[in-house]
Amino acid sequence: MVVSETKPNPVGESKPRLDAREKVTGAAIFGDDIQFGNALLHARILRSPHPHARIISIDTRQAEALPGVKAVVTGKGFPGYIGLYLLDRHIFCRDRVRYVGDPVAGVAAISEAIAEDALELIEVEYEILKPVIDPEYGVSSEATLIHPELDQYQVASFILPQPNSNISNYFKIRKGDVDSAWDNCAAIVERKYRIPHIQHVPIEPHVAVAQVDASGGITLWGSSQSPFAQRNLIAQALGISQSDMRVIAPYVGGGFGSKAGVSMESLAVAIATKVKGRPVKLLLTREEEFFTAFVRQGLIAYFKMGCDGDGNLLAMENKFYWDSGAYTEYGVNITRASGYSSSGPYEVPNVKTDSYCVYTNHPVGGPMRGVGMPEMHAGLEQCIDELAQQIGMDQVEFRRINCVKEGSILVTGGKMHPTGLLQCLEKTAEAIGWGHKAEASAANKRRGKGLALMWKAPAMPPNAGSSAWVELAEDGRVTVGVGGQDLGQGSFTVAAQMAAAALGVPYEWVRVATPLDTRYSPYEWQTVASRLTWSMGNAVVNAAKDARQQILEMTAEAWDEDLENLDILNGMVVSYKSEREIPLENIVIYGLPKADDQGWIGGPVIGRGKFMPDYVTGLDPETGQGERAVVHYTTGAQAVELEVDLDTGQIEILRGAAAFDVGKAINPELVRAQIEGGFVQGMSSALFESLNLKDGYVQNPSFVDYRIATSSDVPGGIQSIIVEVPQDDGPWGARGVGEHSMVPTIPAIANAIYDAVGVRFDGPPFTAEKVYLTMLEAGIVK
Amino acid sequence: MGFHRINLTVNGEMEQVDVTGYMTLLDMLREKLVLTGTKNGCAAGECGACTVMMNGEPVNSCLVLAVECDQALIVTVEGLARDTQLDPIQKAIMDAGGVQCGYCTPGVLIASRALLDRNPDPSESEIRAALVGNLCRCTGYIRIIEGVQEAAKM
């Protein structure tokens, strides 16, 4: 996969984004921008007002009679189940509602206002059931069963639901002997943390438009990270062929996981099946966005860890209760991922972990940037700091000793691949000026520094695959077909850079076939797990190499030369032997005359490529041990310097530094943009964000009551450092970084607050009020 | 239902539109004039994605009624560039890497253009203050702020 260094190579250069001009001129088309004309119907959804209830009856007659209403749909006609790893929900509720917001009925009408009015006319009789609102209570035998049918659901082989309980997945690690290790520890830290639910808050709300054609084929347009998964899951739920389900996915206005898998899209599709060919649009309101789209699930985490007098970590015992909410599109795999990564980026000989995915009557937990890792590291990396302090060791030194290095035995028993974690640690500590305490800017302020490490593997099935094609036009310009989405992270740009490099054409010659369309785009599992640069990148490189091979073989035959003397440079086929050259234009469509000029060879060039990892082994269900749990880990470090205002409790982040081992930065500026953006999203989750739930009801579903970071909150500078220790199966050695950048932010900030004022919290957000009251309680302020 | 006929200038073009009394400027732009560059993020004046210039001032178009726009001068993101020549703020934010998903971008560009029109040499804190109503979830704002600083130099 290594392309000769002497050739012009756009890989490693900060090429401009392919999509930037469209996006700054307002020309970029997002889901809600697509025009459907007067045939378009508007859908609204009647949602459960109760966290947990049985549906006794639904009467839709009055709503159906309202002029302008074209269809009223309930769960009655849709018995199929839907779910990515565990098929545990219907498109519309049929006999039971499990969270406030659960879809009960849908209306399609000629205007949104009429659809909204029709919802008021639907009468639903409920029998209220006792809700479960705490995951720790949820695992107990006293808790009401939210899914009594759990043992009948279809489930992926690596997910282990516990029948007759609210546990949708139970993942265990049993490595070494934890119980006898505690006696050898010189210091032990034991802590409990609560990480609240938060919302992804893409600025673009979810939108889906569905239409059924005359032969029963369904087209879905939507803001989607997962067009292919949606094709598969919705087709399965409706009992139709995947080939009859087409998903078209234009630009996505922010996803962060919330637009992965299937959330509201199946509602639009189900309604569309009842309106005779008219397109039906469902656009979530911002209020709906906060609690009916996926949320980042809550976590209650227990950590116990110990080390010897020299600072060597000896044992960890962790218990995670994931508050997955009413259904678990992704929660079950987050539970698994936090289990197989539960040591954090450290080599620990004895580990015992119990990770539970627990049904509650809360909003549905989906994947969010980091899939469980920010929540888990939030507590783990504070315990590491505390342990180092207990034995009187510098926290950076403690991490240096214990962090995973190449060959370290992992928590799942396998060996760590080459990693630049140690470099990330050292560079980040240096950048933040570790060990030097600066004066606070005012007498009523205290200054502190904090640092945290992270690791994260793509959380996905072992055989998640990618494919790509590369096609050339008469002018020699190149179109790359991919099925992975650009959510803003820059995947289209990176795909074009890789195709250009692998084929031998300038970057400016390459475009990407958009919008994604499952009818024409090549298959991609999903745009999640920070896997595109690595997995889709490999497929793109393979497709470009295939096209290149076709061109070179044709030319070799036409010129009667040896293949190894030919190359493609800057869009020209050249021979190093005969010094002949010919531009790609025309020959990639019409071919070349044969060497004897009697006829033609070649023809239109389309290269194809795929990639699927074939080496991930399973894990023992009792011990969580196995040879290779995941494809790879991206590692990194982050540090902050902040000030705490003693009068108000307000925290100001003065500056940040972060280093991640990306294997190879295909586009360094795009990598830095991810490092910065993730830092600020992590900072926002640390300081401001919590989806407040009371008895199952979300208390703050608006931007006024749910605050995210604004331009006035961010530090003046974040130093982004790129470390490159190549991934053996990554294109040019690359591995992903999109999600990783927000994983260590909460603990880095928590550790810095402790450094500044000596207080710790049982979880974020570290709001001014909480910080002030804690300082008051601790006697730091009066 | 009563319609109101309004006359206004949008991106330099005279427009005559019939609107209901409750139609917002945002919906008029997107639905009647099919100027979909202006985005709907919350319909409540909280996210800034729908920011347009009305008589030179940035407004949340989801909070302005179309009927209030009779005789108004409106500039949307589509009106920033002259033919293929980008406005300096478009070029600067693009070059600074201040665009990721692009959904907040139209509002950010208009709010920044309005700032530079009234204050050609803003300080960093003035830029931050001018953009505080434009939520961005991708970039972390830093490159957007840098872009506005660069545009001020152009």
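Selection over region B:80-96 of residues that are within 23 Å of A:Pro668 (Cβ to Cβ), surrounded by fewer than 24 Cβ atoms within 10 Å (Cβ to Cβ) and facing chain A (nearest Cβ under 9 Å) gives a count of 3. Counting just the residues of region A:214-235 that are part of a loop (DSSP other than H, G, I, E, B) and among the small types (Gly, Ala, Ser), which one comes out surrounded by the most Cβ atoms within 10 Å (Cβ to Cβ)? Checking each candidate, the answer is A:Ser224.
When region A:524-575 is examined, which residues are found to be of a type in the set (D, E, K, R), closer than 30 Å to A:Val247 by Cβ and in contact with a Lys or Arg (Cβ under 8 Å, 6 or more places away or on another chain)? Lay out the reasoning, then the answer.
At the first step, the residues of region A:524-575 found to be of a type in the set (D, E, K, R) are A:524, A:531, A:545-546, A:548, A:553, A:557, A:560-562, A:564, A:567.
Subsequent filtering for residues that are closer than 30 Å to A:Val247 by Cβ retains A:524, A:531, A:545-546.
Within region A:524-575, just A:Asp546 meets the criteria.
Checking A:Lys70, A:Lys76 one by one, the residue that is surrounded by 18 or more Cβ atoms within 10 Å (Cβ to Cβ), of a type in the set (D, E, K, R), outside any loop (DSSP other than H, G, I, E, B) and away from chain B (no Cβ under 14 Å) is A:Lys70 and no other. Of the residues making up region A:20-29, those that are surrounded by 22 or more Cβ atoms within 10 Å (Cβ to Cβ) and part of a loop (DSSP other than H, G, I, E, B) are A:Gly26, A:Ala28.
Condition test on A:Val97, is it over 29 Å from the mean Cα position of the chain (by Cα), of a type in the set (Val, Ile, Thr) and buried (at least 23 other Cβ atoms within 10 Å of the Cβ)? Spell out the reasoning first.
Details: over 29 Å from the mean Cα position of the chain (by Cα): no; of a type in the set (Val, Ile, Thr): yes; buried (at least 23 other Cβ atoms within 10 Å of the Cβ): yes.
So A:Val97 does not fit the description; no.
Hey, any hits in region A:171-184 for a residue that's within 14 Å of another protein chain (Cβ to nearest Cβ) and closer than 30 Å to A:Ser343 by Cα?
Kept after step one, since they are within 14 Å of another protein chain (Cβ to nearest Cβ), are these residues of region A:171-184: none.
No, region A:171-184 contains no residue that is within 14 Å of another protein chain (Cβ to nearest Cβ) and closer than 30 Å to A:Ser343 by Cα.
From the list A:Asp755, A:Asp762, the lone residue that is assigned to a loop (DSSP other than H, G, I, E, B) and of a type outside the set (S, T, N, Q) is A:Asp762. Each residue in region A:423-438 was checked for being at pLDDT 95 or above and touching a Lys or Arg at 6+ places or on another chain (Cβ under 8 Å), and 5 of them qualify.
When you look at A:Ser441, is it over 28 Å from A:Glu347 (Cα atoms) and touching a Lys or Arg at 6+ places or on another chain (Cβ under 6 Å), yes or no? Reasoning before the result, please.
Values: over 28 Å from A:Glu347 (Cα atoms): yes; touching a Lys or Arg at 6+ places or on another chain (Cβ under 6 Å): no.
The answer is no for A:Ser441.
Can you tell me which residues in region A:537-568 are closer than 17 Å to A:Leu503 by Cβ and outside any helix (DSSP H, G or I)? Within region A:537-568, A:Leu566, A:Asp567, A:Ile568 qualify.
Is it true that some residue in region A:755-765 is within 14 Å of chain B (Cβ to nearest Cβ) and crowded, with 24+ Cβ neighbours inside 10 Å?
Restricting attention to region A:755-765, the residues satisfying the condition of being within 14 Å of chain B (Cβ to nearest Cβ) are none.
Scanning region A:755-765 turns up no residue that is within 14 Å of chain B (Cβ to nearest Cβ) and crowded, with 24+ Cβ neighbours inside 10 Å.
When each of A:Asp614, A:Asp645, A:Asp661 is tested for being more than 14 Å from every other protein chain (Cβ to nearest Cβ) and out of contact with any strand residue (DSSP E or B) (no Cβ under 7 Å at 6 or more places or on another chain), the lone residue that passes is A:Asp614.
Of the strands (runs of 3 or more DSSP E) contained entirely in region B:1-79, those carrying at least 1 residues that are under 16 Å from the mean Cα position of the chain (by Cα) and more than 13 Å from chain A (Cβ to nearest Cβ) fall at B:3-10, B:51-54, B:57-60, B:73-75.
Pick from A:Ser711, A:Ser720: which is touching a Phe, Trp or Tyr at 6+ places or on another chain (Cβ under 6 Å), within 14 Å of chain B (Cβ to nearest Cβ) and small (Gly, Ala, Ser)?
On the way: A:Ser720 fails: touching a Phe, Trp or Tyr at 6+ places or on another chain (Cβ under 6 Å).
Answer to the check: A:Ser711.
Does B:Pro120 count as assigned to a loop (DSSP other than H, G, I, E, B), at pLDDT 95 or above and either within 13 Å of the chain's Cα centre (by Cα) or more than 7 Å from chain A (Cβ to nearest Cβ) (or both)? So that I can check it myself, show each step before the final result.
Numbers: assigned to a loop (DSSP other than H, G, I, E, B): yes; at pLDDT 95 or above: yes; either within 13 Å of the chain's Cα centre (by Cα) or more than 7 Å from chain A (Cβ to nearest Cβ) (or both): yes.
It is true that B:Pro120 is assigned to a loop (DSSP other than H, G, I, E, B), at pLDDT 95 or above and either within 13 Å of the chain's Cα centre (by Cα) or more than 7 Å from chain A (Cβ to nearest Cβ) (or both).
Please determine whether any residue of region A:30-41 is aromatic (Phe, Trp, Tyr), farther than 22 Å from B:Gly37 by Cα, under 34 Å from the mean Cα position of the chain (by Cα) and surrounded by fewer than 20 Cβ atoms within 10 Å (Cβ to Cβ). Checked region A:30-41: no residue is aromatic (Phe, Trp, Tyr), farther than 22 Å from B:Gly37 by Cα, under 34 Å from the mean Cα position of the chain (by Cα) and surrounded by fewer than 20 Cβ atoms within 10 Å (Cβ to Cβ). If only residues of region A:8-43 that are more than 12 Å from chain B (Cβ to nearest Cβ) and of a type in the set (Gly, Ala, Ser) are counted, the one that is nearest to A:Lys274 (Cα to Cα) is A:Ala43.
In region A:158-178, the condition of being surrounded by fewer than 19 Cβ atoms within 10 Å (Cβ to Cβ), outside the structural domain of A:Glu329 (by TED's automatic domain parsing), of a type in the set (Ser, Thr, Tyr) and touching a residue at least 60 places away in the same chain (Cβ under 8 Å) is met by no residue. Mind checking whether some residue in region A:616-628 is surrounded by 16 or more Cβ atoms within 10 Å (Cβ to Cβ), in contact with an Asp or Glu (Cβ under 8 Å, 6 or more places away or on another chain) and of a type in the set (Ser, Thr, Tyr)? Within region A:616-628, not a single residue is surrounded by 16 or more Cβ atoms within 10 Å (Cβ to Cβ), in contact with an Asp or Glu (Cβ under 8 Å, 6 or more places away or on another chain) and of a type in the set (Ser, Thr, Tyr). Mind checking whether some residue in region B:126-138 is part of a helix (DSSP H, G or I), more than 10 Å from every other protein chain (Cβ to nearest Cβ), modelled with pLDDT of 95 or more and surrounded by 24 or more Cβ atoms within 10 Å (Cβ to Cβ)? Scanning region B:126-138, I find no residue that is part of a helix (DSSP H, G or I), more than 10 Å from every other protein chain (Cβ to nearest Cβ), modelled with pLDDT of 95 or more and surrounded by 24 or more Cβ atoms within 10 Å (Cβ to Cβ), so the answer is no.
Within region A:669-691, restricting attention to residues that are hydroxyl-bearing (Ser, Thr, Tyr) and part of a helix (DSSP H, G or I), the residue that is surrounded by the fewest Cβ atoms within 10 Å (Cβ to Cβ) is A:Ser684.
Hey, can you tell me all the residues within region A:76-124 that are among the small types (Gly, Ala, Ser) and more than 15 Å from A:Met264 (Cβ to Cβ)?
First, pick out the residues of region A:76-124 that are among the small types (Gly, Ala, Ser): A:77, A:80, A:83, A:101, A:105-106, A:108-109, A:111, A:113, A:115, A:118.
If the condition is that a residue be among the small types (Gly, Ala, Ser) and more than 15 Å from A:Met264 (Cβ to Cβ), then A:Gly77, A:Gly80, A:Ala109, A:Ser111, A:Ala113, A:Ala118 are the ones that fit.
If you check A:Ile666 against the conditions, is it within 14 Å of chain B (Cβ to nearest Cβ), surrounded by 23 or more Cβ atoms within 10 Å (Cβ to Cβ) and under 24 Å from the mean Cα position of the chain (by Cα)?
Values: within 14 Å of chain B (Cβ to nearest Cβ): no; surrounded by 23 or more Cβ atoms within 10 Å (Cβ to Cβ): yes; under 24 Å from the mean Cα position of the chain (by Cα): yes.
No; evaluated as a whole, the condition is false for this residue.
When region A:585-605 is filtered for residues that are in contact with a helix residue (DSSP H, G or I) (Cβ under 7 Å, 6 or more places away or on another chain) and closer than 16 Å to A:Ala473 by Cβ, the ones remaining, listed by number, are A:Val588, A:Gly591, A:Gly602, A:Pro604, A:Val605.
Kindly evaluate A:Thr428 against the criterion of being farther than 18 Å from A:Ala658 by Cα and buried (at least 23 other Cβ atoms within 10 Å of the Cβ). Steps first, please.
Details: farther than 18 Å from A:Ala658 by Cα: no; buried (at least 23 other Cβ atoms within 10 Å of the Cβ): yes.
The answer is no for A:Thr428.
The values are calculated or read from the model by the stated rules, or taken from the named source; none is laboratory data. What you see is a predicted model, and the numbers here were worked out from it, not measured in a lab. Here Cβ is always computed from backbone atoms with ideal geometry, including for glycine, and neighbour counts include all displayed protein chains.
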